[in-house]
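None of the figures in this text is laboratory data; all of them are computed from the coordinates on show. Predicted model, so just to flag it, every value in this text is computed and none were measured. Counting neighbours? That spans all protein chains shown, and the Cβs are built from the backbone with ideal geometry, glycine included.
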Amino acid sequence: MRRNRGAQREAGRLLVPGLVFLGMVVAVVSSLGASLIPTIAETYDVSPNVAQWSLTITFLVSAPATPLLGRLGDGPHRRQVIIGILAAVTLGSVLAALPLGFPLLLVGRGLQGIGLALTPLGIAVVRDALPPERVPPAAAKLSVTTAAGIGLGYPITGLVALHGGLHAAFWFGAAVSAAGLLIAVLVVPSAANRPRTPIDFPGVVLLGAALSGLLLALSEGGRWGWTSPAVILVVAASLVTLAGWVLLESRRRHPLVDLRLLTRRGVLTADVIVLLAGVGMYVLISLTTRFVQTPSSTGYGLGATVVVAGLTLLPFSAASALATRLTRSVATTVSSSVVLATGAVLVLAASVLFACATTGMGEVLTVMALAGLGVGAIFAVLPGLIVGSVPAHETGSATSFHQVIRYVGYAVGSAMSGAVLEAATGPGQPFPVAAGYTHAALLGGGVSVLTVVASIVLPRLRAGTAPSAQSRAGGNTEPAPHVPCG
């Protein structure tokens, strides 16, 4: 009996570090995308815009998978769900690592996208397993780990790809996810006492179909023509499907996503801002990693290797971690609205700098540092808004939908940057003109302007339910007085 209690205490001490490592698995999965796009295009003899789907599909799969797995995680099988996710990620990594052709690479990347559901499940585990006062900082740490870990994952996977080839990078991803699987078996506690939760499979199908159509139109609009019948038809069908999903969710007793939670000010604020911030973040990441690898013969590219492209994201990682600590230190004196708006202004500054003054590596590193500070501050605040606004039994579902919105933002940012660069690429030309990068960065800056406005306006809306005192203490969720890519 004493031996069992000792083992339980040891597992408890390892819980948060173990969950943080699972967040790093998410970061590694994300890092097997943007910086490897030129290498994937060359290896599989496809255009960069087609290769961009190796990044977009990961977020596309995660969008319907995350709320589904989050709903499963609200029930008694949370531990099994987490272990199953890691098994799927490992399988996807192995599939992508094998030289089976570009279509099966996309299948593998899609399976890896399931792993992006780990973060909300980790937050749900934290809420159940830790004392209330330890929940907000642990949740913030898990949220930012994904964003900050991207800066570490990109150079490591780039180094592996440079010396071992593209497939070696995916074997590295398989090894990391397999290690995460072992850690999950050791530290994730059972949730057998939680009630069973019905699963809304029709909701999964409708949400996945709607998002797939919208992203397809956004990605291929440049080639098909933005006003072509194909684009108009796909967008119209996707919007009708999305409306049908909303109608279905509002009428089901156990919906995939409880849309009524959006009437809570904290949830609405967090979801809108994470969508906008996710778009701005991945526009910059996608542009930066492609820009630095573009040959200098184009007149603007830096001609860097995939390793150097990954290293350019280290300032993003370091700045994200720094912003998290700074945000935590001012949580009791500065409102969430101020923190969110400040973070959005920093991302806006990064976008403008990239568009107007990026000619060398120094400017690129500065852009990434500014973006990291902004994204780190934003992502550190948002989990507290969610956790403080919903009842405990809805934490997994609410945070899962929050992650869905985040990954939709990532996918839109990825697809948007690819579409703009594709439109700026002349017939028969391998690379876009320099103005394509400028226009894409300014478009991302426009999204950041919307983020600033939302950060100021949304926290001041009347709430359906006021945030709890607990969330104010740990996450600073009240706008006044006193709440992380791939």
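Using the Cβ of PRO48 as centre and a radius below 13 Å, the other residues enclosed give a net charge of -1, where K and R count +1 and D and E count -1.
Note that the range 200-255, at 25 °C in a medium of 0.890 mPa s, gets a Stokes-Einstein diffusion coefficient of 209 µm²/s from its Kirkwood radius over C-alpha pairs. Between the range 253-272 and the range 422-439, what is the C-alpha centre distance in whole Å? Answer, in whole Å: 40. Averaging the Cα positions of each part gives two centres, and for the range 32-110 and the range 175-227 these lie 10 Å apart. Per the Cα gyration tensor, the range 1-138 maps to an equivalent ellipsoid with semi-axes of 34, 14, 13 Å, ordered largest to smallest.
Rounded, prolate or oblate, given the Cα gyration tensor of the range 98-137, with a/c below 1.5 counting as rounded? The shape class here is prolate.
Every helix of 4 or more DSSP H residues in the chain counts as -39500 (n - 2.57), and over all residues that averages to -26000 deg cm²/dmol at 222 nm. For the range 288-376, the Cα-based Rg and Dmax, in that order, read 14.9, 52 Å. Mean separation of Cα pairs under 8 Å and 6 or more residues apart, divided by the residue count, gives the range 64-122 a relative contact order of 42 percent. Taking 25 °C and 0.890 mPa s as conditions, the range 135-290 diffuses translationally at an estimated 124 µm²/s according to Stokes-Einstein applied to its Kirkwood radius (Cα pairs).
What the phi angles of the range 67-83 give under the Karplus curve with 6.51, -1.76 and 1.60, with θ = phi - 60°, is a coupling list of x, 4, 6, x, 5, 4, x, 6, x, x, 10, 4, 4, 5, 5, 4, 5 Hz, glycine and proline written as x.
With contacts taken as Cα pairs under 8 Å at a separation of at least 6 residues, the range 271-420 carries a relative contact order of 40 percent. Distances between placed amide hydrogens fall under 5 Å for ARG264 paired with GLY464, all partners being 5 or more residues away or on another chain.
Over the Cα atoms of the chain, the radius of gyration divided by the Kirkwood radius equals 0.95; this is the Rg/Rh ratio.
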